[in-house]
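The values are calculated or read from the model by the stated rules, or taken from the named source; none is laboratory data. The shown structure was predicted, so the numbers you read here are calculated from the model rather than taken from an experiment. Cβ: placed from backbone, ideal geometry, glycine included. Neighbour counts: every protein chain shown.
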């Protein structure tokens with residue numbers, strides 16, 4: 001069922017000065033990724049959830065925005081049963097958690113900074129941030145990096161990827177939320193796109209995956225894979 005994931009290369013292009021970027025998320029039939037006010041929804045069925053964790057195991061780092069941390073308090077680890085792993089696989093490798101947080105709202109009580117956290121997060125913020133919060137988070141084991149902002153006041157994604165390359169990150173899996181998904185889709189920096197479509201409707205109060213469809217890329221090399229009740233689309237973005 002998951003063999004197609006082994007056929008995808010997540011290695012950076014030869015000579016690239018940034019990681020290979022994979023964008024993946026799950027949405028409903030009406031294009032929603034969360035409920036009202038960002039409430040977490042379990043859209044993926046068990047088979048596509050397993051595919052997501054296989055993808056996590058294939059990447060050096062995993063990225064979400066601060067909204068996902070505040071709403072979901074994720075661990076961003078790999079959770080797989082032994083039978084889900086390819087034969088002969090070694091121990092599961094957990095990706096390095098990366099958080100985009102321009103004003104440093106990251107809570108000091110988050111699961112990612114608990115003593116039991118497998119890998120403490122790398123948090124990327126802007127020059128305008130809470131300096132005391134930075135000290136508090138670093139005391140808990142997190143690493144806080146400061147990035148420049150772009151013309152719209154958002155953290156610079158090219159600078160982020162350049163910094164991750166310098167930190168020996170070769171592959172980055174981007175999971176969300178909505179603002180992060182839209183920013184990466186419009187950035188021209190995504191090499192692999194994997195979209196899980198769940199057979200449910202959320203309704204008009206749900207959060208759209210993309211806020212400006214006109215800025216999204218077209219897709220090529222498209223394939224579709226049935227995972228239980230869900231369908232996963234695998235494609236490569238093509239930017240004009």
Checklist entry - Of (1) under 19 Å from residue 66 (Cβ atoms); (2) touching a helix residue (DSSP H, G or I) at 6+ places or on another chain (Cβ under 6 Å); (3) surrounded by fewer than 20 Cβ atoms within 10 Å (Cβ to Cβ), residue 205 satisfies all except one. Which? => result (1)
Checklist entry - What is the number of the single condition among (1) surrounded by fewer than 16 Cβ atoms within 10 Å (Cβ to Cβ); (2) modelled with pLDDT of 95 or more; (3) on the phi < 0 side of the Ramachandran plot that residue 131 does not meet? => result (2)
Next on the checklist: For residue 149, only one of the following conditions fails: (1) buried (at least 21 other Cβ atoms within 10 Å of the Cβ); (2) over 27 Å from residue 52 (Cα atoms); (3) touching a residue at least 40 places away in the same chain (Cβ under 8 Å). What is its number?
Outcome noted: (1)
Checklist entry - Taking the range 1-16 as the region of interest, how many residues are within 15 Å of residue 188 (Cα to Cα) and touching a helix residue (DSSP H, G or I) at 6+ places or on another chain (Cβ under 9 Å)? => result 2
Checklist outcome for this item: Counting only residues that are over 14 Å from residue 122 (Cβ atoms) and either within 8 Å of the chain's Cα centre (by Cα) or not in a helix (DSSP H, G or I) (or both), the range 156-172 contains a total of 3
Checklist entry - Does any residue of the range 41-54 turn out to be in contact with a strand residue (DSSP E or B) (Cβ under 9 Å, 6 or more places away or on another chain) and over 20 Å from residue 229 (Cβ atoms)? => result no
Next on the checklist: Going by what's in this entry, would residue 15 be described as within 30 Å of residue 202 (Cα to Cα) and over 16 Å from the mean Cα position of the chain (by Cα)?
Outcome noted: no
Item to check | Enumeration of residues in the range 102-127 that are in contact with a strand residue (DSSP E or B) (Cβ under 8 Å, 6 or more places away or on another chain) and surrounded by fewer than 23 Cβ atoms within 10 Å (Cβ to Cβ) | outcome: 102, 103, 104, 119, 120, 122, 126, 127
Next on the checklist: Name the single residue that is surrounded by the fewest Cβ atoms within 10 Å (Cβ to Cβ) among those in the range 157-193 being on the phi > 0 side of the Ramachandran plot and modelled with pLDDT under 95.
Outcome noted: 188
Checklist outcome for this item: Within the range 17-58, residues under 26 Å from residue 93 (Cβ atoms), modelled with pLDDT under 90 and in contact with a helix residue (DSSP H, G or I) (Cβ under 6 Å, 6 or more places away or on another chain) come out as 40
